[in-house]
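Undergrad: Below is the structure I would like to discuss, written out as structure tokens.
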Amino acid sequence: MKKPYILLLLFFVAKMVLGQDGIKPIIDVHLHGFTPETYKFIEGSPPTFEDFKNEMRKVFETYNIVYAVKSGGQYDEDMEANMLEGYESNKLLDTIEFKRLIKQGKIQVWGEIQPMFNGMTLADDAYAPYLKICEQEGIPIALHTGRGPTNIHLRYPNYRLALGDPLLLEPVLIKYPKLKIYLMHAGLPFYENTLALMDSYPQVFVDLGWILYSYRKITQSQAEDFLRKVKKYDMIDRVMFGSDCMYWPDELENSIKKLESFDFLTELDKRKIFYQNAVMFFQLDVKKN
Ligand SMILES: [Zn+2]
């Protein structure tokens, strides 16, 4: 068991040295997408689906984004080649179909799933068979935690903010100890509970989707506070960069700039968050990068 870790460590050291000359690679573990049918122009977004894809390509190239976890949508084939396929539907598939899609590589990550939008949590019985399959097959779960958009209960009447509390995940972590899971949005505004959960369960990872580009003052403040504490408590190794980029490619760009701007994080902390932790978590084959 030890050998691969040593090799991986050597790889990271080499990568950090090499990275000093070029643009250092980034992995976005929380990306969304559209199809020609689902894309629509929203204020400030690129006018057409093709424009959207082109602008995203530009951001990927500028910031050397070498991998992404994509929940839904289509990008051009060459970009898709470096994306893990997420399955984001809130509707639970038949388990045989679920397994078939995993075998076909069409579900490489289960998520972004949002049980709280339907008045549920991952600990509800309905999820049990899927959690077992994900644990057996090594499929990571990307779970929406924390809050949803303001007034989202008007669209999803069963949505409850309280169901976004990361602590509600505890029974799942105990029942499926080998499950790979990351808490999207780091559970904000319940980030103290995220930290408590990370402290007690070393298998818990988080991503920083939306919290780095949010214009809301409370979220900006909590995101910084979360990162300061995660650093203070030596848990940076389980934080992954994610953008939660939707219609506006600048969200991805702004998220990168925001993380770069934090002086309390060292270069190595940032490298771990932007890249190394995701390589470990998703066991990515990065030789080609
Ligand atoms: Zn998302």
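The values are calculated or read from the model by the stated rules, or taken from the named source; none is laboratory data. This structure is a prediction, so every number in the text was calculated from the model and none was measured. All Cβ positions, even for glycine, are placed from backbone atoms using ideal geometry, and neighbour counts span all protein chains on display. SASA here: full protein model, heavy atoms, side chains in, ligands and nucleic acids out. Shrake-Rupley method; radii C 1.70, N 1.55, O 1.52, S 1.80 Å.
Undergrad: So what are the three principal axis dimensions of the chain from its Cα atoms, in whole Å, longest to shortest?
TA: 51, 49, 42
Undergrad: Of Gln276, Ser261, Pro202, which is farthest on the positive side of the dipole of the chain, counting Cα position, with +1 on Lys and Arg Cβ, -1 on Asp and Glu Cβ, and the Cα centre as origin?
TA: Of the options given, the answer is Pro202.
Undergrad: On a 1.4 Å probe surface of the protein chains, which of Trp248, Trp210 comes out largest in accessible area, and what is the full order? Write down the numbers at each step before the final one.
TA: Details: Trp248 75, Trp210 45 Å².
If we order Trp248, Trp210 from most to least accessible, we get Trp248, Trp210.
Undergrad: Right, something else. Give me the mean projected area, in nm² to one decimal, of the convex hull enclosing the Cα positions of region 131-274. Can you show the working numbers first?
TA: Numbers: hull surface 36.7 nm².
That works out to 9.2 nm².
Undergrad: Would you kindly compute the Cα radius of gyration of region 169-219 and its largest Cα-Cα separation (Dmax), both in Å?
TA: Computed over the Cα atoms of region 169-219, radius of gyration and Dmax are 12.0, 38 Å.
Undergrad: Okay, moving on. Report the local net charge at Gln104: Lys and Arg +1, Asp and Glu -1, summed over other residues whose C-beta lies under 13 Å from its C-beta. Walk me through the intermediate numbers first.
TA: Values: positive: Lys99, Arg100, Lys103, Lys106; negative: Glu85, Glu97, Glu137.
Around Gln104, the surrounding residues sum to +1.
Undergrad: Expressed as a whole percentage, what fraction of the accessible surface of region 32-282 belongs to carbon and sulfur atoms when a 1.4 Å probe is rolled over the protein heavy atoms? Intermediate values should be presented prior to the final figure.
TA: Details: 5860 of 11440 Å².
Roughly 51 percent of what the probe reaches on region 32-282 is carbon or sulfur.
Undergrad: Hey, can you find the accessible area per residue of region 32-282 for me, probe 1.4 Å, expressed in square angstrom? Mind showing how you got there, number by number?
TA: Values: 11440 Å² over 251 residues.
On a per-residue basis, region 32-282 sits at 46 Å².
Undergrad: If I histogram all Cα-Cα distances within region 67-141 using bins 5 Å wide from 0, what percent of pairs lands in each bin?
TA: The calculated distribution, bin by bin, is 3, 15, 26, 25, 16, 9, 4, 1.
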